[in-house]
Amino acid sequence: MLSLCNFKPKKTKTPNMIKLEAFALFLFLLFLVKWVNSDSNPPPSTDQLLSCMSTHSTSSFINPKSFIHKSDSKLYSDLSQSLSQNYRFLSLNFTSQRPILVVTPRTESEIQRSLLCSKKLGVQVRIKSGGHDYEGLSYLSSQSPFIVLDLINLRSIELNLREETAWVGAGATIGELYYKIAKSSKIHGFPAGTCPSVGVGGHFSGGGFGAMMRKHGLAADNVVDARFVDAKGRIFSGRREMGEDLFWAIRGGGAASFGVVVSWKVKLVRVPEKVTCFTRYLPLSQNMTKIVHRWQYIAAELDDNLFIRVILYNTGGSVQGTFQANYLGGIDKLIPLMNQKFPELGLRSQDCSEMSWIDSIMYFNWKKGQPLETLLDRGQRYNDVYFKAKSDFVKKPIPETGLEGIWKRFHEVESPVMIMEPLGGKMHEIGETETPFPHRRGNMYNIQYMVKWRVKEIEEMKKHVRWMRLLYRYMRVYVSGSPRGAYLNYRDLDLGMNKGINSSFEDASLWGMRYFGTNFKRLAMVKGKIDPTNFFRNEQSVPPLFV
């Protein structure tokens, strides 16, 4: 995911990143259980939940100190902050309800127990890997009661360099995966996102943009197997047991709609020992509009070893652009290529840096020169920052007048950002139905819009969300249509929400076609087979379809 993780505009200070304190209360069953909030309809009692878990366990002993009651406001606050990447959900008294329990299983059998007891007692389940869901659906719900199944303890990574594969626990982060690869090989990598604290569970199952996607495709395109637990508690040890339809669905269709992925087997890719990166800053006054306009024509057509993204933002009242690139090769080949294909940028050898692949990950994460161990930091969050995000796919270049309209709107709020991520290369070679992610050939680039604010007031939230919606409305004539495309990992509840357990396929198509195109019907049919009672559901989960 090419998110704003640690993005640092030139001459401006980014939000200070803080490492949130870890909290650990142990249960003999190896569960972490936390009471947090209650609803007008009382949730199952502590005794009911633990009795059920004990019934499905080899041990009946429960440590009562492992419970935190809702009256403990400090521990509730710690829990909330540990779950949330977006303080918009923590401080503005959202109507979304909090979980009655957080369970952190260490084994597949513990996942089984959690699912079977939740189903028996009428409790919904939310599945959390890294907690980066833009709308909080991995830890919040409008449906009550529910628990969070936090996969943080399932993050083992086993490399097989001879086979060039890795088994990755669904609770691992992409930073942990990168670190493990880098410590074992100088010629292997993996094509996933640039924000290391993102969990692989959501990232892989939603697609997974990255700086090598033009060369190797999405993270999901490089998943070759998975272990999975369904609503009945059945454990599928691999794709052969689960079947190709379900395996297809979880690689880009949002696995949380279907069950719990315990681990992923991914195909490692070969990387050169030397890659080249550059960052070029351009203020609006230095012909930025014309250069961004030109970028649209060439970014998806360049050599597939070259990835150039554009980050646009307002700093100090002035619109600026940052061109950030990753080239799988040396400066000696990059400069002639840029002079031929994109001379408008005026790139020089001294603007570029050669480095290893793992150092390029640090570079793209604005951590150049820092120890690789920073990739293991799971607590990279904004301190008291609120945000709203949306996404688009672009099929035709936006004219200069259209870009100027964006710049004008950038002056209306603080901290607006657009990230333009080029497709092409491998992304155009893979068919739109090979995985649920349909935005392939015909799409030039993706846009992620984001607006951030710091003032803890409901009116500030309304102001910024309203601005984002107006910008999105303005962009409708410049982006894809029928349907207007969107990217699942940049989740947006404005596109539509389910109406509960009985949501119809027709109603869900309002948002489902945006994310998945015509693949949405096949996803719903898979859902009808693996989870016909719609146990795994949320505000934007795939509903079952029976044909």
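The values are calculated or read from the model by the stated rules, or taken from the named source; none is laboratory data. Just so it is clear, the model here is predicted, and its values are computed rather than measured. Methodologically, a virtual Cβ is constructed for each residue, glycine included, from the backbone with ideal geometry; neighbour enumeration extends over all protein chains shown. Heavy atoms of the whole protein, side chains included, go into the accessibility calculation; ligands, DNA and RNA do not. Shrake-Rupley method; radii C 1.70, N 1.55, O 1.52, S 1.80 Å.
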Which of G442, Y478, V455 sits farthest toward the positive end of the charge dipole of the stretch 428-478, with +1 on the Cβ of Lys and Arg and -1 on the Cβ of Asp and Glu?
V455
Debye intensity ratio in log₁₀ form over the Cα atoms of the stretch 285-340, taken at each q of 0.13, 0.17, 0.25 Å⁻¹:
-0.39, -0.62, -1.08
Which value, in debye to the nearest 20, gives the size of the charge dipole of the stretch 212-345 about its Cα centre, when Lys and Arg are +1 and Asp and Glu are -1 at the Cβ?
160 debye
Aspartates and glutamates within cross-link reach of K128: Cα-Cα under 12 Å, excluding same-chain residues under 8 positions apart?
D150
Filter on K333/K367; K274/K408; K120/K452 - keep pairs with C-alpha separation over 30 Å
K274/K408; K120/K452
How do the peptides 114-127, 191-204, 167-180 rank, highest first, by the average count of neighbouring beta carbon atoms within 10 Å per residue?
191-204, 167-180, 114-127
Strictly over 23 Å apart at the Cα level, which of K265/K499; K390/K527; K290/K395 would you flag in this model?
K265/K499; K390/K527
In terms of modelled amide H atoms, which long-range or inter-chain residues lie less than 5 Å from the amide H of D225?
K265
Mind grabbing the base-10 log of I(q)/I(0) for the stretch 119-219 at q = 0.24 Å⁻¹? Debye formula, identical points on the C-alpha positions, no solvent, two decimal places.
-1.28
Calculate, in whole percent, how much of the Cα-Cα pair population of the stretch 345-426 lies beyond 20 Å.
63 percent
When the accessible area of the stretch 163-243 is split by element with a 1.4 Å probe, what percent falls to carbon and sulfur?
46 percent
With a 10 Å radius around each residue's Cβ, average the other Cβ atoms per peptide and rank 209-221, 151-163, highest first.
209-221, 151-163
Packing-based ranking, highest mean first, of 232-242, 290-300 given that Cβ atoms within 10 Å are counted:
290-300, 232-242
Bins of 10 Å from zero: percent of alpha-carbon pairs in the stretch 473-546:
21, 51, 22, 6, 0
What does the convex hull of the Cα atoms of the stretch 383-521 come to per residue, in Å³, rounded to a whole number?
133 Å³
Could I get the Rg over Rh figure for the stretch 218-320? Both from C-alpha atoms, Rh via Kirkwood, rounded to two places.
1.19
